[in-house]
Amino acid sequence: MNLTDSINRPTLHEELVERLRNLVVEDVLKPGEKVPEKQLCDSLGVSRTPLREALKVLASEGFVVLQANRGARVASVTRDELENTFPVLATLEQLAGELACQHMDSAEIEQIERRHADMLKAYESHDRQAYFRANQDIHQALIRGARNDILESHHKLLAARVRRARFMANLSDERWAQAIDEHEVMMELLRARDADGLGKSMKLHMMNKLSALVKALEAEDELLS
């Protein structure tokens, strides 16, 4: 993901929102930074109007902060928001893991196996962006596999709020290795259709992400103090 990739899909608004969201999530646009509207318009091949409409969506999701007559700035990640959001998200993922073991068919599990293999390759090559995309595909497949629309809609809302944080949580090599080990365990439990085990493993995985992120934020605060 970079600022020079042009957009050519017909669903301009949805694609533009997703592209801008990824620029924030993947730290191309950094916390506190002013969103470079003219540069983005030029590089993405869009006018100011659709760009600003997309920024309104990102503001509603907590990715940017709109400032009257001053454009938009990338929102900072706050510890309070994370500590309030992650436990709820972790509980939803626990339930999703339990239900996915009951409802997913073999073809769906095989697809997750393939994305898991992609994720391992990305880890081995230290490609964090590819790793994150494969990781998110796995989690989203498990959420869909739960076959529960209410769970899926609530998870989507909360996951959007902490998506950038989940990417940041794997910045340290130690946490990244730990996350890989956790995903290996999750795959074993999914193959065995161990609903209780997978649910607990997914919840622990999310709470470990929170712990890693809080440590990262504390370290950043120390550097700035």
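The values are calculated or read from the model by the stated rules, or taken from the named source; none is laboratory data. Please read these numbers as outputs of a predicted model, since none were measured by experiment. Don't worry about glycine lacking a Cβ; one is built from the backbone with ideal geometry, like all the others, and counts go over all protein chains shown. Just so you know, the surface numbers come from the protein's heavy atoms only, side chains and all, with ligands and any DNA or RNA stripped out. Shrake-Rupley method; radii C 1.70, N 1.55, O 1.52, S 1.80 Å.
What do you get for the angle between helix 79-103 and the principal long axis of the chain? Use alpha-carbon atoms, 0 to 90 degrees, nearest ten.
Value to nearest ten degrees: 40.
Taking Cα extents along the principal axes in Å straight from the coordinates, which label in (i) 60, 31, 31; (ii) 71, 41, 29; (iii) 55, 47, 35 is the correct one?
Working out Cα extents along the principal axes in Å from the coordinates points to (iii).
For residue 200 and residue 60, FRET efficiency with R0 = 22 Å and r from the beta-carbon atoms, rounded to 0.05? Before the final figure, lay out each step's value.
On the way: r = 33 Å, r/R0 = 1.50.
That gives a FRET efficiency of 0.10.
Carbon and sulfur: what percent of segment 93-179's accessible surface (1.4 Å probe)?
On the way: 2180 of 4280 Å².
For segment 93-179, the apolar C and S fraction of the accessible surface comes to 51 percent.
What's the carbon and sulfur percent of segment 3-74's accessible surface, probe 1.4 angstrom, rounded to a whole number?
Working: 1910 of 3850 Å².
For segment 3-74, the apolar C and S fraction of the accessible surface comes to 50 percent.
Just to verify a number: what accessible area does residue 154 come out at with the full protein assembly present, 1.4 Å probe, Å² rounded to tens?
100
Nearest 10 degrees, 0 to 90: what angle lies between the long axis of helix 173-191 and the longest principal axis of the chain (Cα atoms)?
Compared with the principal axis, the helix lies near 50 degrees.
Kindly report the accessible area of segment 3-74 per residue (heavy atoms of protein chains, probe 1.4 Å, no ligands, DNA or RNA), in Å². Let's see the in-between values first.
Working: 3850 Å² over 72 residues.
With the other protein chains kept in place, segment 3-74 gives 53 Å² per residue.
As I understand it, the value is the acute angle between the Cα axis of helix 128-145 and the longest principal axis of the Cα atoms of the chain; what does it come to in degrees, rounded to 10?
That works out to roughly 60 degrees.
At 1.4 Å probe size, what's the solvent-accessible area of residue 115? Round to the nearest 10 Å².
Counting only protein heavy atoms, residue 115 exposes about 60 Å² to solvent.
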